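Shown next, in structure tokens, is the structure this report addresses.
The values are calculated or read from the model by the stated rules, or taken from the named source; none is laboratory data. All values reported here derive from a predicted model rather than from experimental measurement. Don't worry about glycine lacking a Cβ; one is built from the backbone with ideal geometry, like all the others, and counts go over all protein chains shown. Areas reflect the complete protein model, heavy atoms only, side chains present, ligands, DNA and RNA absent. Shrake-Rupley method; radii C 1.70, N 1.55, O 1.52, S 1.80 Å.
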2 protein chains.
Amino acid sequence: MAFNKRVKIKTILDESPIGTELTLMGWVRTKRSNKNVSFIALNDGSTITNYQIVADPNVISEDVLKKCATGACLKITGTVVESQGAGQSSELNAATIEILGEADPEKYPLQPKKHSLEFLREIAHLRMRTNTFGAVFRVRHALAYAVHKYFNDKGFFYIHTPIITASDAEGAGETFKVTTLDLKNPPLTEEGSIDFKQDFFERETNLTVSGQLEGELAAMALSEIYTFGPTFRAENSNTARHLAEFWMIEPEMAFYDAEDNQNLAEDFLKYVIQYALDNCAEDLKFLDQRLADEEKSKPQDQRSELGLLDKLKFVVENEFVRLTYTEAIDILRNSNPNKKKKFNYIIDQWGADLQSEHERYLVEKHFKKPVILTDYPKEIKSFYMRQNEDGKTVAAMDILFPGIGEIVGGSQREERLDVLTKKMEEMNIPQEEMWWYLDTRRFGSTPHAGFGLGFERMVLFVTGMGNIRDVIAFPRTPGNAEF
Amino acid sequence: MAFNKRVKIKTILDESPIGTELTLMGWVRTKRSNKNVSFIALNDGSTITNYQIVADPNVISEDVLKKCATGACLKITGTVVESQGAGQSSELNAATIEILGEADPEKYPLQPKKHSLEFLREIAHLRMRTNTFGAVFRVRHALAYAVHKYFNDKGFFYIHTPIITASDAEGAGETFKVTTLDLKNPPLTEEGSIDFKQDFFERETNLTVSGQLEGELAAMALSEIYTFGPTFRAENSNTARHLAEFWMIEPEMAFYDAEDNQNLAEDFLKYVIQYALDNCAEDLKFLDQRLADEEKSKPQDQRSELGLLDKLKFVVENEFVRLTYTEAIDILRNSNPNKKKKFNYIIDQWGADLQSEHERYLVEKHFKKPVILTDYPKEIKSFYMRQNEDGKTVAAMDILFPGIGEIVGGSQREERLDVLTKKMEEMNIPQEEMWWYLDTRRFGSTPHAGFGLGFERMVLFVTGMGNIRDVIAFPRTPGNAEF
């Protein structure tokens with residue numbers, strides 16, 4: 001016998017079916033009682049808005065009402081009536097209340113008061129039951145769906161690139177080893193090194209840092225593809241911006257040059273943000289207020305000029321500034337913080353790698369807009385980026401967002417076999433291991449490009465949360481693999 | 001200057017814009033020439049259909065035409081004209097052809113002839129350029145998109161559950177270890193065991209075998225969620241049905257009982273298959289023919305009764321058979337292959353685990369329909385499945401598909417804390433490590449259910465491919481982590 005005959009709170013709010021008898025299920029957020037009536041605020045996760053249940057103590061027994069404590073799970077049947085109170089159009093007059101699961105107020109960690117984000121991180125298994133995290137994870141869902149919808153509607157194909165890989169050619173940082181060997185007594189070769197021939201994959205393997213190289217293989221067959229999968233960095237960075245496990249979106253497109261790539265990335269970012277604005281109005285309104293409240297506790301000069309919603313609309317409505325690295329260096333070199341030596345890293349010559357302080361200056365102070373920085377010195381970028389005519393720069397792009405810094409990194413890829421292999425030689429990248437990558441330049445090569453978006457950075461930006469650990473359900477960071 | 005001014009072949013075929021001048025880019029599949037004209041079949045991955053380019057040797061130089069070999073990448077401008085030939089409504093009269101990338105016919109592995117699937121697996125970086133694999137990966141994309149669309153439209157939220165995890169409570173099989181320790185000289189504790197306190201996560205970690213337990217946490221806050229992520233099994237199984245790395249879809253729903261779970265799973269499977277039928281008509285037509293050709297090489301009695309398309313339509317149009325394990329045992333015990341001892345495992349008593357041969361008999365011989373098998377003996381199922389009133393069975397379900405066997409496994413979850421902890425004791429599952437899982441039963445517990453779908457099994461079923469290594473871009477199996 002099917003149990004799930006409930007109506008979701010979101011549906012009731014959308015339709016306000018006055019006079020209808022129906023069943024609601026959800027968790028108690030708060031209860032207020034006097035001797036004549038109890039008001040229960042119920043939430044079922046479908047929306048941030050609680051629905052008001054009106055319980056008459058002549059209808060619902062005292063014992064049941066007592067168990068309707070914060071956190072308890074209820075099944076309520078009743079009739080939708082026009083609400084007497086302000087702030088809601090309807091409410092439910094309870095005919096029956098069944099306690100599906102109790103929550104002992106002495107023990108339940110989520111009481112109706114403000115909990116710190118740090119405390120909630122320790123009970124990540126329960127934090128999605130709060131307004132803030134309910135909103136964050138509904139917005140995260142909407143953003144993920146928007147990513148798939150955008151690419152599907154444009155005719156891109158979703159490719160699942162491998163998570164376990166033997167290639168570390170990108171050299172993007174420290175990797176996690178994957179093995180089935182007995183760590184205590186690993187098999188050794190005659191020379192005394194670990195005998196990976198006896199490991200599961202018969203070679204050394206690690207967790208992927210990027211699906212790009214495999215994505216390129218697919219793009220050279222299907223034209224336009226994207227990946228959306230987990231990637232890993234074993235960096236010992238305990239910051240509000242780093243995760244050991246995070247999700248990346250990496251489109252790769254045959255027949256795109258650097259400008260096509262920039263056009264796509266800008267259009268894509270705006271689409272995804274607009275989708276959240278269109279589909280998460282209530283959650284974003286809540287998060288906007290949350291951020292505004294948080295900003296109030298900061299000194300005046302550290303507050304954002306724009307609120308969350310204003311910032312999102314601003315990004316959607318304005319063209320991103322596009323400028324070359326060389327132009328950026330000129331601006332930075334002549335900037336006040338550079339002249340007054342306020343930057344930690346003074347920009348004194350072309351070729352310097354840009355630090356977060358410089359990116360923030362460009363985006364937040366100078367242009368006050370998202371910035372697409374292009375054509376970086378080849379020495380500070382990856383081997384696969386296409387060399388420009390000048391011989392000094394590559395067709396790279398980084399997209400910088402206010403408060404976030406780099407949200408997208410990409411490039412036109414080097415499609416010329418001779419240029420690519422020369423570069424790999426210079427950078428000591430083993431070509432034998434990369435035979436398959438080079439094959440795409442040997443056979444039917446073509447100009448192509450792509451970029452990567454760190455999904456959690458996008459969720460950070462759209463939700464206005466301050467710590468990346470608060471936008472993924474169960475964050476993995478140094479020392480943390482709980483849940 | 002933007003490069004990507006091309007029109008996709010799919011668009012031209014859809015719109016047949018006779019008289020329009022446009023640019024095409026893609027890879028040469030074949031070229032036929034006589035002294036008056038060359039016909040080039042071009043493919044750009046947007047569709048399985050090649051587009052015919054007509055090149056007049058008076059317009060296109062002999063040198064260029066010579067380079068238009070199989071696998072070469074071309075940029076062609078020309079005018080769309082009505083086709084003279086059969087089988088296509090329009091073709092392109094080439095005004096200019098630019099060779100974007102050559103493919104030396106002496107070296108290019110993909111020549112216009114039939115290659116074995118085994119050979120193509122060795123060049124997985126190029127196999128997406130073939131008709132078969134182009135079709136498979138376009139269908140795979142459509143299926144993945146359908147999964148997201150189905151759940152989004154129903155108000156489910158997509159949750160990214162962790163890939164690296166310290167919990168192996170499900171005991172679903174061998175796991176891959178994840179570590180940053182020096183394998184050759186791992187740090188040891190005073191007792192001489194590996195000191196995982198010095199590992200990245202300060203504990204032993206492995207790759208997830210399922211996101212279910214974490215998915216349940218989210219469902220107990222957001223009501224209806226799903227996961228879609230990679231999962232891993234370090235089983236040394238070299239079969240056509242096993243991968244070490246594969247993608248799973250795991251919906252979890254608060255307020256669902258076993259029957260709700262079955263209803264959802266059946267509806268979901270039909271939706272996803274119907275989506276592929278609606279959106280991949282040409283690819284499925286090709287794969288239907290491919291399978292029919294392959295079947296012809298089999299002895300008459302081993303051929304499928306239904307072709308691929310017929311089989312897909314049959315699943316969408318018919319109600320799945322639902323029966324209990326106990327009913328299935330009765331059918332199997334009295335079946336001809338059991339009486340005649342044709343089964344490798346004879347069914348002689350209630351409690352026996354069903355083997356693939358039994359599942360196939362039920363689905364392919366007895367019912368000739370997809371089957372939802374329910375209420376298995378508790379001894380052969382996982383600790384988290386809800387115990388039925390009879391005390392002997394649990395509210396499990398497996399969905400069995402023809403040719404595939406188990407495509408979905410799920411259950412109503414045990415929501416009663418006392419029953420669950422008793423079961424964990426019996427099955428030696430450590431409760432301390434699972435404090436967070438048990439918390440959902442301590443605080444606001446509710447009936448809930450969920451299931452898991454192995455995505456590659458679904459792609460196998462819909463594409464009619466015979467080996468699971470042929471439906472994921474870069475398969476990971478024992479000894480294989482190439483690309």
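Just checking, which of A:GLU406, A:GLU482 is modelled with pLDDT under 95 and within 14 Å of chain B (Cβ to nearest Cβ)?
After applying the criteria, what remains is A:GLU482.
Of the residues in segment A:409-451, how many are open to solvent by 30 Å² or more (accessible area, probe 1.4 Å), at pLDDT 95 or above and of a type in the set (A, V, I, L, M)?
Number satisfying all stated conditions: 2.
Out of all the residues in segment A:172-180, is one or more surrounded by fewer than 16 Cβ atoms within 10 Å (Cβ to Cβ), of a type in the set (Phe, Trp, Tyr) and more than 21 Å from A:LEU74 (Cβ to Cβ)?
no
When you scan segment B:257-276, do you find a residue that is at pLDDT 95 or above and not in a helix (DSSP H, G or I), even just one? Even if it seems obvious, please write down each step before you answer.
In the first step, residues of segment B:257-276 are kept if they are at pLDDT 95 or above; the result is B:257-276.
Filter once more, keeping what is not in a helix (DSSP H, G or I): B:257.
Checking segment B:257-276: at least one residue is at pLDDT 95 or above and not in a helix (DSSP H, G or I).
Working only within segment A:460-479, note down all residues that are over 15 Å from A:ARG241 (Cβ atoms) and within 7 Å of chain B (Cβ to nearest Cβ).
A:ALA473, A:PHE474, A:GLY479, listed by residue number.
Go through (1) over 30 Å from A:THR463 (Cα atoms); (2) within 34 Å of the chain's Cα centre (by Cα); (3) in contact (Cβ under 8 Å) with a residue 60 or more places away in the chain for A:GLY45 and report which single condition fails.
(1)
Could you look through segment A:233-250, keep only residues that are open to solvent by less than 30 Å² (accessible area, probe 1.4 Å) and more than 14 Å from the chain's Cα centre (by Cα), and pick out the one that is farthest from the other protein chains (Cβ to nearest Cβ)?
Among residues in segment A:233-250 that are open to solvent by less than 30 Å² (accessible area, probe 1.4 Å) and more than 14 Å from the chain's Cα centre (by Cα), the one farthest from the other protein chains (Cβ to nearest Cβ) is A:SER237.
Answer yes or no as to whether B:LEU74 is in contact (Cβ under 8 Å) with a residue 12 or more places away in the chain, under 26 Å from A:ASN152 (Cα atoms) and away from chain A (no Cβ under 13 Å). If you could, list the steps in order and put the result at the bottom.
Details: in contact (Cβ under 8 Å) with a residue 12 or more places away in the chain: yes; under 26 Å from A:ASN152 (Cα atoms): yes; away from chain A (no Cβ under 13 Å): no.
So B:LEU74 fails the test.
For segment A:39-46, indicate whether the set of residues that are open to solvent by 60 Å² or more (accessible area, probe 1.4 Å) and over 20 Å from B:THR440 (Cα atoms) is non-empty.
No - not one qualifying residue is present in segment A:39-46.
Starting from residues that are assigned to a strand (DSSP E or B) and within 10 Å of chain A (Cβ to nearest Cβ), keep the ones in segment B:413-452 and report whichever is nearest to B:GLU259 (Cα to Cα).
Here the residue is B:ALA449.
What is the one condition in (1) modelled with pLDDT of 95 or more; (2) open to solvent by less than 50 Å² (accessible area, probe 1.4 Å); (3) not hydroxyl-bearing (Ser, Thr, Tyr) that A:PRO17 does not satisfy?
(1)
In segment B:49-84, what residues are assigned to a loop (DSSP other than H, G, I, E, B), β-branched (Val, Ile, Thr) and open to solvent by less than 60 Å² (accessible area, probe 1.4 Å)?
Taking segment B:49-84 and keeping what is assigned to a loop (DSSP other than H, G, I, E, B), we get B:49-50, B:56-61, B:68-72, B:83-84.
Filter once more, so that each one left must be β-branched (Val, Ile, Thr): B:49, B:59-60, B:70.
Of everything in segment B:49-84, those that are assigned to a loop (DSSP other than H, G, I, E, B), β-branched (Val, Ile, Thr) and open to solvent by less than 60 Å² (accessible area, probe 1.4 Å) turn out to be B:THR49, B:ILE60, B:THR70.
Taking segment B:93-140 on its own, how many of its residues are basic (Lys, Arg), within 16 Å of A:GLY444 (Cα to Cα) and more than 10 Å from chain A (Cβ to nearest Cβ)? If you could, list the steps in order and put the result at the bottom.
Step one: of segment B:93-140, the residues basic (Lys, Arg) are B:107, B:113-114, B:121, B:127, B:129, B:138, B:140.
Retained after the next criterion (residues that are within 16 Å of A:GLY444 (Cα to Cα)): B:107, B:127, B:129.
Okay, now just the ones that are also more than 10 Å from chain A (Cβ to nearest Cβ), so none.
Result for segment B:93-140: 0.
From B:ASP283, B:ASP288, which residue is within 13 Å of another protein chain (Cβ to nearest Cβ), under 20 Å from the mean Cα position of the chain (by Cα) and over 30 Å from B:GLY479 (Cα atoms)?
B:ASP283
Filter segment A:177-191 down to the residues that are among the β-branched types (Val, Ile, Thr) and more than 8 Å from chain B (Cβ to nearest Cβ) and list them by number. I'd like the intermediate steps shown before the answer.
Pass one, segment A:177-191, residues among the β-branched types (Val, Ile, Thr): A:178-180, A:189.
The answer is A:THR189, and nothing else.
Which one is farthest from the other protein chains (Cβ to nearest Cβ), of the residues in segment B:192-219 that are open to solvent by less than 30 Å² (accessible area, probe 1.4 Å) and of a type in the set (Phe, Trp, Tyr)?
Looking at the filtered set, the residue picked out is B:PHE200.
So B:PHE3 clears everything in (1) surrounded by 13 or more Cβ atoms within 10 Å (Cβ to Cβ); (2) touching a residue at least 12 places away in the same chain (Cβ under 8 Å) except one condition, right? Which one?
Only one criterion is unmet by B:PHE3, namely (2).
Going through segment A:106-123 one residue at a time, which ones are in a loop (DSSP other than H, G, I, E, B) and under 34 Å from the mean Cα position of the chain (by Cα)?
Answer for segment A:106-123, where residues must be in a loop (DSSP other than H, G, I, E, B) and under 34 Å from the mean Cα position of the chain (by Cα): A:LYS107, A:TYR108, A:PRO109, A:LEU110, A:GLN111, A:PRO112, A:LYS113, A:LYS114, A:HIS115, A:SER116, A:ILE123.
Can you say whether A:TYR150 is assigned to a helix (DSSP H, G or I), hydroxyl-bearing (Ser, Thr, Tyr), within 35 Å of the chain's Cα centre (by Cα) and modelled with pLDDT of 95 or more, as far as the supplied structure shows? First the steps, then the outcome.
Details: assigned to a helix (DSSP H, G or I): yes; hydroxyl-bearing (Ser, Thr, Tyr): yes; within 35 Å of the chain's Cα centre (by Cα): yes; modelled with pLDDT of 95 or more: yes.
Answer is yes for this residue.
Specify the residue that is nearest to the other protein chains (Cβ to nearest Cβ); the eligible residues are those in segment A:2-48 that are in a loop (DSSP other than H, G, I, E, B) and closer than 19 Å to A:SER61 by Cβ.
A:VAL37
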